[in-house]
Amino acid sequence: MKLGSVSVPIISVPGLSLVSRFSTLPARPHLLPFSLPPLPSQNPNLTSLSLSSARRCFHFRSHLSLLRSSSAAVGRFERRIATMAARNSFESILTPLAKPDGGEFGKYYSLPALNDPRIDKLPYSIRILLESAIRNCDEFQVKSKDVEKIIDWENTSPKQVEIPFKPARVLLQDFTGVPAVVDLACMRDAMNSLGSEPNKINPLVPVDLVIDHSVQVDVARSENAVQANMELEFRRNKERFEFLKWGSGAFHNMLVVPPGSGIVHQVNLEYLGRVVFNMGGLLYPDSVVGTDSHTTMIDGLGVAGWGVGGIEAEAAMLGQPMSMVLPGVVGFKLSGKLKDGVTATDLVLTVTQMLRKHGVVGKFVEFYGEGMSELSLADRATIANMSPEYGATMGFFPVDHVTLQYLKLTGRSDDTVAMIESYLRANKMFVDYSEPQTERVYSSYLQLCLEDVEPCVSGPKRPHDRVPLKDMKADWHSCLDSKVGFKGFAIPKDLQSKVVDFQFNGVPAQIKHGDVVIAAITSCTNTSNPSVMLGAALVAKKACELGLEVKPWIKTSLAPGSGVVTKYLEKSGLQKYLNQLGFHIVGYGCTTCIGNSGDLDEVVASTISENDIVAAAVLSGNRNFEGRVHPLTRANYLASPPLVVAYALAGTVDIDFNTQPIGTGKDGKQIFFKDIWPSNEEIARVVQSSVLPDMFKATYEAITKGNPMWNQLSVPSNTLYSWDPTSTYIHEPPYFKEMTMSPPGPHGVKDAYCLLNFGDSITTDHISPAGSIHKDSPAAKYLMERGVDRRDFNSYGSRRGNDEVMVRGTFANIRIVNKLLKGEVGPKTIHIPTGEKLYVFDAALRYKSAGQDTIVLAGAEYGSGSSRDWAAKGPMLLGVKAVIAKSFERIHRSNLVGMGIIPLCFKPGEDADTVGLTGHERYTIDLPSSVSEIKPGQDVTVVTDTGKSFTCTARFDTEVELTYFDHGGILHYVIRSLITSKH
């Protein structure tokens, strides 16, 4: 490759908006493309500036003048900085993009201009990584050798090579956004206390934060449910919302979308997603990392996006390049067409099972083939959304004509769409299925004929445990019979058919195993898809016309991902039928999918718990881990919105829809599933007539105007946050207390006790639950001591801005299974020195008070589920120094490193049981005292006080991660780098 040597200015023009889709999208303050210094192995001295306009660029020169007096070495470094912001090694391929009618859209780094035949074979998802590396190549943070690694992907990806990646933007939701903003505010304080400039802590890339995780289904089956739930949401979360509103003003380049607007990923898909950026005349692909694992939904729009931990996202906001292993890409070929009656949800559950079996952790999945033309953009987004459930980093759909049609449908302007198409075609990132396709190379291949997909659900405890609808009844009885596990409840035969009588509002009622008590149309996975939403409404219409009803004790709800859904349900005239069955709109947010399902009726709840009933929830969500949806629903099934309505009508999952009636109609006639199920043609007609571009425009023109409750919040304008020591929502975390300018260096572990001993599939929901706070838990005790009434506990997720609550909520899931308890389920452990059974928090406190380290033993897939930074922060604050597991989920392992916890993997074929560990031993892990003596993936010996010795792999996967570990965590590294660069 011949590298260019001419400088290219990439300073943005002040006041120019990032993207002009709608007149009301606020122009963001524009930041210079300077970022945090690279790692010490590259250069420890680069000055980082957070500047909000080109005018302030001149202030940068004054910093350089301070450096000039230091030394000749610093002088050479200064000259390098001075050229870095204006030079790019690939300037020679910067190419104008002409408009069809004259003039130009802007300039772009042209991949075809490299004239390298290897690029034509690259997967489209890898081309996005390549363009980013070229555009950011300054031979400093990103080097030409990184570009070469990506171009040579076919040969380098099997070798697990490391590359830097700088996403175009960062996406947050409020559960993960609050702790991110808390950390940024705390970092400003740390900068201030260490004598540096606090306002250096500012996002350098656009940050969008959508408040969607706070609304709970307190009120359901009511016409005023939306207003009632929003009032309760604001009453519970006033402190959090004030804090986020403060953050939107205190930090540059941060857009906060107020509560009641929709679900983050649907808003991202319909509104925030740019597809192509035009930043001051420089064109480049949109890419995003988000603090929610389902950020991958945007992959359906052809935007490269995936979930990262909150701490990793904070570093990306501050301009730190993300270090990642160049991934393999699984090519997934689609052919044929879905059969009548089969939904996108059935398809994604099938794809999830296939990819889970294939093994795609840490990989991209790229979809292609003639079947793509049969999938709407919303169908693609549904498949992309569930990437975390099948384990991939991304489930990517390259941009094609279907994408362009969706952009127009959702209100993006014709000029914007023309720019997007022109850029992507010119840069070989557009798929035109009307043209001959160049054969791309993939790491491995899968194929699915869409005609083979059949109606299905997944459950009762994991998203990838797919059950064909025709086998559901038999599978349910198998689950009742089987021993306790992912597919078992171990209910004795003589108790499986027991029926419990109770009174509901004075009316006799009955409940038995498998009865549905929650039926929720929820989650961006499905509420962004008009075909399944209107399909559900058509099921409701047919059911109502036949005289079917939903039992009144079933908690039914409908939580759309944006206001657009309400508009098209109203236009179609179908919302009234959903209301008639109890599926009133309850709010615009995640609700049941993340455990914000609200309380069940007290009589129903006590009947379930007192009689040990295995009650069921059916939801159109993406996660169904035990204990997540509701503490009292032990069986949780993922299903399409139309199936949610069908199961609500049936009242049980113990049914064969092919042979058993759903209910009895108004004329006494038995009604079957086929009688209420709409055809694909019926659904398509309603979608065509009811889903209109003006609905998207009207919804999103109003989105940043907020609502009266949001607009009434009054917040200070100071840039340093005034912490309230009495607040139980926002609390200054202790991460940077007593921090010095010297990195602490790597730490080993000496004679550590085992805090917990786990089996396989411990999720982030187990480690740091997001749902309700149990009345007897350490977190509840903390809140009650501070005068918080039980009804105002809110959820763990809503209190992630308070480290005192969250550390007490770590490992507090009521369904967690700890081997130290010998079969007992719950959030307790054995304090090894005394043999006492204590809450995990209380045991950890004892160990810390005695100056004793702790470790965690775990099985396979440790940390699977949602990307949750508190699942790493909490253990760190509890004093956990290392986790030894069979395998880790990608994001969680990264988060552990980011918080200074050592992730170790048993060797293949080994685990705690095969090695002979009970968890009652003491563990020593020796690491070199200098980080330069540690290599990514090296072997580490673990020794116990019982004489056992075994070898593990240290899962520091990159040199970058070792540097973070050396500093005690990623945020400590960022602060030290910013401060040292000042000198």
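A few remarks follow.
- Selection over the stretch 444-476 of residues that are of a type in the set (A, V, I, L, M), open to solvent by less than 10 Å² (accessible area, probe 1.4 Å) and either part of a helix (DSSP H, G or I) or touching a strand residue (DSSP E or B) at 6+ places or on another chain (Cβ under 8 Å) (or both) gives a count of 4.
- Residue check, Ala605 open to solvent by 10 Å² or more (accessible area, probe 1.4 Å), assigned to a helix (DSSP H, G or I), closer than 23 Å to Phe504 by Cα and small (Gly, Ala, Ser): yes
- Residue match in the stretch 300-308 (condition: open to solvent by less than 10 Å² (accessible area, probe 1.4 Å), farther than 22 Å from Pro641 by Cβ and at pLDDT below 95): yes
- Any hit, the stretch 329-341, residues being within 24 Å of Thr156 (Cβ to Cβ) and crowded, with 24+ Cβ neighbours inside 10 Å: yes
- The set of residues from the stretch 887-906 being out of contact with any Phe, Trp or Tyr (no Cβ under 8 Å at 6 or more places or on another chain) and either among the basic types (Lys, Arg) or not in a loop (DSSP other than H, G, I, E, B) (or both) comprises Arg890, Ile891, Arg893, Ser894, Asn895, Leu904.
- The residues of the stretch 505-532 that are over 16 Å from Asn611 (Cα atoms) and not in a helix (DSSP H, G or I), listed by number, are Asn505, Gly506, Val507, Pro508, Ile518, Ala519, Ala520, Ile521, Thr522, Ser523, Ser528, Asn529.
- In the stretch 960-974, the residues that are aliphatic (A, V, I, L, M) and within 13 Å of Pro321 (Cα to Cα): Val960, Ile970, Val974
Rundown of residues vs (1) of a type outside the set (Ser, Thr, Tyr); (2) open to solvent by 40 Å² or more (accessible area, probe 1.4 Å); (3) over 27 Å from Thr527 (Cβ atoms), yes/no style:
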{"position": "Asn636", "(1), (2), (3)": "yes, no, no"}
{"position": "Tyr647", "(1), (2), (3)": "no, no, no"}
{"position": "Ala650", "(1), (2), (3)": "yes, no, no"}
{"position": "Trp677", "(1), (2), (3)": "yes, yes, no"}
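- Taken as a whole, the structure leaves Ser157 outside the set of residues that are in a loop (DSSP other than H, G, I, E, B) and open to solvent by less than 30 Å² (accessible area, probe 1.4 Å).
- Among residues of the stretch 116-132 that are free of Cβ contacts under 8 Å to residues at least 60 places away in the same chain, those with a Cβ under 6 angstrom from a residue that is surrounded by fewer than 24 Cβ atoms within 10 Å (Cβ to Cβ), sequence gap 6+ or separate chain, pair up as Arg118/Ile151.
- Residue that is small (Gly, Ala, Ser) and either open to solvent by 30 Å² or more (accessible area, probe 1.4 Å) or at positive phi (or both), where the choices are Ser193, Ser214: Ser193
- Count - residues of the stretch 324-351 that are in contact with a Cys (Cβ under 6 Å, 6 or more places away or on another chain) and assigned to a loop (DSSP other than H, G, I, E, B): 1
Results for (1) hydrophobic (A, V, I, L, M, F, W, C); (2) more than 28 Å from the chain's Cα centre (by Cα), shown as yes or no for each residue.
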residue	(1), (2)
Glu435	no, yes
Leu446	yes, no
Asp452	no, yes
Pro455	no, no
Arg466	no, no
Trp476	yes, yes
Gly485	no, no
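- Answer residue from the stretch 832-858, given it is part of a strand (DSSP E or B) and of a type in the set (Ser, Thr, Tyr) and is farthest from Phe811 (Cα to Cα) among those: Thr854
- Filter result for Val303 (β-branched (Val, Ile, Thr) and in contact (Cβ under 8 Å) with a residue 40 or more places away in the chain): no
- Condition met for Leu578 (aliphatic (A, V, I, L, M) and either touching a Lys or Arg at 6+ places or on another chain (Cβ under 6 Å) or farther than 15 Å from Gly651 by Cα (or both)): yes
- Restricted to the stretch 756-811, the set of helices (runs of 4 or more DSSP H) holding at least 2 residues that are without any contact (Cβ under 8 Å) to a residue 24 or more places away in the chain and not polar (S, T, N, Q) comprises 778-785.
- Those residues of the stretch 679-705 which are open to solvent by 30 Å² or more (accessible area, probe 1.4 Å), under 17 Å from Gly260 (Cβ atoms) and in contact with a helix residue (DSSP H, G or I) (Cβ under 9 Å, 6 or more places away or on another chain), in sequence order: Ala698, Ala702, Lys705
- Candidate set: the stretch 78-134, residues that are more than 28 Å from Ser323 (Cβ to Cβ) and charged (D, E, K, R); chosen: the one modelled with the lowest pLDDT: Asp101
- Checking each residue in the stretch 608-634 for being open to solvent by 10 Å² or more (accessible area, probe 1.4 Å) and not aliphatic (A, V, I, L, M) picks out Ser609, Glu610, Asn611, Asp612, Phe625, Glu626, Gly627, Arg628, His630, Pro631, Arg634.
- Residues in the stretch 497-521 that are open to solvent by 30 Å² or more (accessible area, probe 1.4 Å) and touching a strand residue (DSSP E or B) at 6+ places or on another chain (Cβ under 9 Å): Ser497, Lys498, Val499, Asp501, Gln503, Pro508, Gln510, Lys512.
- A count restricted to the stretch 499-517 and to residues that are of a type in the set (D, E, K, R), free of Cβ contacts under 8 Å to residues at least 24 places away in the same chain and touching a Lys or Arg at 6+ places or on another chain (Cβ under 7 Å) stands at 0.
- Qualifying residue in the stretch 722-734 (condition: open to solvent by less than 70 Å² (accessible area, probe 1.4 Å), of a type in the set (Gly, Ala, Ser) and free of Cβ contacts under 8 Å to residues at least 40 places away in the same chain): no
- There is at least one residue in the stretch 877-891 that is within 29 Å of Ala780 (Cβ to Cβ) and at pLDDT below 95.
- Subset of the stretch 940-952 (residues that are closer than 15 Å to Val749 by Cα and open to solvent by 30 Å² or more (accessible area, probe 1.4 Å)): Thr941, Val943, Asp945, Ser949, Thr951
- The residue of the stretch 577-602 that is least open to solvent (accessible area, probe 1.4 Å), among those that are touching a Cys at 6+ places or on another chain (Cβ under 7 Å) and not in a loop (DSSP other than H, G, I, E, B), is Tyr577.
- Met297 vs. criteria open to solvent by 10 Å² or more (accessible area, probe 1.4 Å) and not in a loop (DSSP other than H, G, I, E, B): no
- Set side by side, the residues Leu244, Leu283 differ, and just one is open to solvent by less than 10 Å² (accessible area, probe 1.4 Å), in contact (Cβ under 8 Å) with a residue 40 or more places away in the chain and assigned to a helix (DSSP H, G or I), which is Leu244.
The values are calculated or read from the model by the stated rules, or taken from the named source; none is laboratory data. All of these numbers come straight from a predicted model, not from anything done at the bench. Methodologically, a virtual Cβ is constructed for each residue, glycine included, from the backbone with ideal geometry; neighbour enumeration extends over all protein chains shown. Ligands, DNA and RNA are stripped out before the accessible areas are found, and what is left, the full protein with its side chains, is counted by its heavy atoms. Shrake-Rupley method; radii C 1.70, N 1.55, O 1.52, S 1.80 Å.
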